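The values are calculated or read from the model by the stated rules, or taken from the named source; none is laboratory data. The structure displayed is predicted, hence computed values, not measured ones. Please note: Cβ atoms are built from the backbone with ideal geometry, for glycine as well, and neighbour counts cover all protein chains shown.
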Amino acid sequence: MDWDLKSYFTEFGNPTYEAFKADLTDSFDSLGSTVEDLLIEPEKKLGQWETFLIEYEHVLSNYSHLASYISCLTAAEAQNDDYLKEQNNLANMEAQASKLGDKVMRGIGSMDDDTFAELCSHERLDNAEFRLEEMREEAKRRMSDKLEALAADLGVDGLSAWSRLYFNTMGSLKFQYTDPERGESEVPMAQLNSLMSDGNRDRRIAASAGVSATFSEHQQMYAGAINAISGTRHTLNKRRGVDSFLDPSIRQSRIKQTTLNALMEAVENRLPFAREVFRFRNECLGIENPGYVDLRAPLPISDNGGPTWKEGVNLISESFNEVYPALGSFFDELIAKKWVDHTPRTGKRPGGFCTGSLATRESRIFMTYKNTLNDVLTLAHEAGHAWHSRVLKDSRVFAGGYPMTLAETASTFAERILTEGVLGNTRLEKSLKLIILDAEVEHMLAFLLDIPVRFRFEEALYERRKSGSLSSTELCELMRETQQKMFGDTLSVGGEDPWFWAAKLHFYISGVQFYNYPYTFGYLLSTGFMQQLREEGSGVLNTYEQFLEQSGRMSCEEVVRATHGGDIEDPNFWAEMIDNLAHPFAEYKKLLQEIYA
């Protein structure tokens, strides 16, 4: 591994580690007994509730510490049996945490309004009210105590087990890849993303063919997993009196249904713009029958290959420090402290993420760096997540948990800071600036076409799943249909990626539902912040940090209104954000003409 994990534990499995686990298990049991007593006439025990909630925050902090550590180990060495066993053990602790959380919700939810208001007024619970109010609302959607406990226990070998199966197998999964120059080899699935960003179209097609063959071979397993996950959620929703399968995701995202509707209405009304971008880009690349393999194809600008790890790090550092010095200083720190695992190697899981401990308030970034500009952007993206956590380092646990919608605003804003820094650097060649703008254009396609495909596919999957399981053939056909609907005639017939439902790990995450539209939400909202930065200057960065600070104690509608100033329930807000993208697209075309005229 590249990263240093010693601030978690000096060694996996040592006495300190085992003692930490044992203490955490005992803490869950102890708090479980305490809350059982508090559930009896909770309105008469406000002082005890106050003390309990503070202790509960501490236990949640320690749980995040352990869970983050294990996620780092299993991602970096996905074939390590000891780590995988520990991940399974963590699932049992997750069930403990779920059952305790259910009891806390019941207690908070059973209080009358005056009692709850008095509890929230206690000084030691300052800034906890928003999260406690969420628990109060969530209590209305719970099954009986016994059924919720049963659901938590069954989740270990049910919902989360299917998710673990997916991630564990993907860590060891390989596909046959026939390179047009180097011949045939077996390639880890973790390297797929980099291959799909390769400038050689034959390589992208070969990688896509190899992946399709592998998923076709394992189709029953992955179809079984996605059906089990969606089916279990339907069953739980029905038992909990949740009418819409989107409702849990909307609450997790801390938005209203009107906000999601407004976002998707604006995106789909502006599909002609996104399709124009895709069509223009393919024309520049000389691609006559574009397919999904061309979604992330880079312009053939440089013959020297992409930036090395050191070059990529320097590019981000210079850009961050120029445009947003506080972010730049933090990025330099996380690199110096070795918080990133980036080396390509067999046994790593695919994808990238940022995780962190609420105990140490440190983050770790996982990715596979293969010397592409897309990898540079991934590093900047994950650094944006880490910066979000750093801004919240002094927040209490109940005020520091932000939704994915706002998390993806922070990550994509960091990408835009990188782009802004490169474009404003007079020492850099126009060709590099064009590469960066090309990446910006690629992101337009990702967030305005690809992400909506994922959302509409998953929405249709859940709708059909009400009537029974979908076969792998049906899943492939549904994916084809959704891609064609979003891309229109810009995607050639036969150019779809029917196995995308199996390749995209976001569909298999058990803890967060509909892991897709928040990316578009965050991308467009970060567009708004960047527009303000360009128009109003660096003072906007103070407002942006206020946005990050408040992201754990307000709804999205409230925090955007209080900082950015927009109304995200209005489709016109999102339409304006998309229209702002016409400027970088025009700059992109202008720079192309200057270089190739």
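Values as computed for the structure displayed
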item: Among the candidates E496, E481, E477, residue that is buried (at least 21 other Cβ atoms within 10 Å of the Cβ) and charged (D, E, K, R); result: E496
item: Subset of region 325-338 [out of contact with any Ser or Thr (no Cβ under 8 Å at 6 or more places or on another chain) and at negative phi]; result: P325, A326, L327, S329, F330, E333, A336, K337
item: Among the candidates A78, A67, A97, residue that is touching a residue at least 12 places away in the same chain (Cβ under 8 Å) and outside any helix (DSSP H, G or I); result: A78
item: Number of positions in region 290-346 that are farther than 17 Å from T378 by Cα and not small (G, A, S); result: 18
item: Single condition L246 does not satisfy, out of (1) in contact (Cβ under 8 Å) with a residue 12 or more places away in the chain; (2) farther than 30 Å from E576 by Cβ; (3) not charged (D, E, K, R); result: (2)
item: Condition broken by T368, with the remaining ones in (1) farther than 22 Å from L53 by Cβ; (2) outside any helix (DSSP H, G or I); (3) without any contact (Cβ under 8 Å) to a residue 60 or more places away in the chain satisfied; result: (3)
item: Subset of region 578-589 that is assigned to a helix (DSSP H, G or I) and among the aliphatic types (A, V, I, L, M) - its residue that is surrounded by the most Cβ atoms within 10 Å (Cβ to Cβ); result: I578
item: Unmet requirement for K45, which otherwise passes all of (1) charged (D, E, K, R); (2) buried (at least 16 other Cβ atoms within 10 Å of the Cβ); (3) without any contact (Cβ under 8 Å) to a residue 12 or more places away in the chain; (4) within 19 Å of L60 (Cβ to Cβ); result: (4)
item: Residue within region 317-328 that is farther than 26 Å from E442 by Cα, in contact with a strand residue (DSSP E or B) (Cβ under 7 Å, 6 or more places away or on another chain) and of a type in the set (A, V, I, L, M, F, W, C) present; result: no
item: Residues satisfying the stated conditions in region 10-38, i.e. surrounded by 11 or more Cβ atoms within 10 Å (Cβ to Cβ), under 30 Å from R106 (Cα atoms) and small (G, A, S); result: S27, S30, G32
item: Within region 468-577, helices (runs of 4 or more DSSP H) holding 2 or more residues that are under 25 Å from F245 (Cα atoms); result: 472-487, 500-503, 517-536, 556-562
item: Hey, L236 modelled with pLDDT under 95, over 20 Å from the mean Cα position of the chain (by Cα), under 21 Å from R142 (Cβ atoms) and of a type outside the set (K, R) or not; result: yes
item: Unique residue being within 23 Å of the chain's Cα centre (by Cα), on the phi < 0 side of the Ramachandran plot and touching a residue at least 24 places away in the same chain (Cβ under 8 Å) when the list is G552, G566; result: G552
item: Verdict on D438 being assigned to a helix (DSSP H, G or I), modelled with pLDDT under 95 and charged (D, E, K, R); result: yes
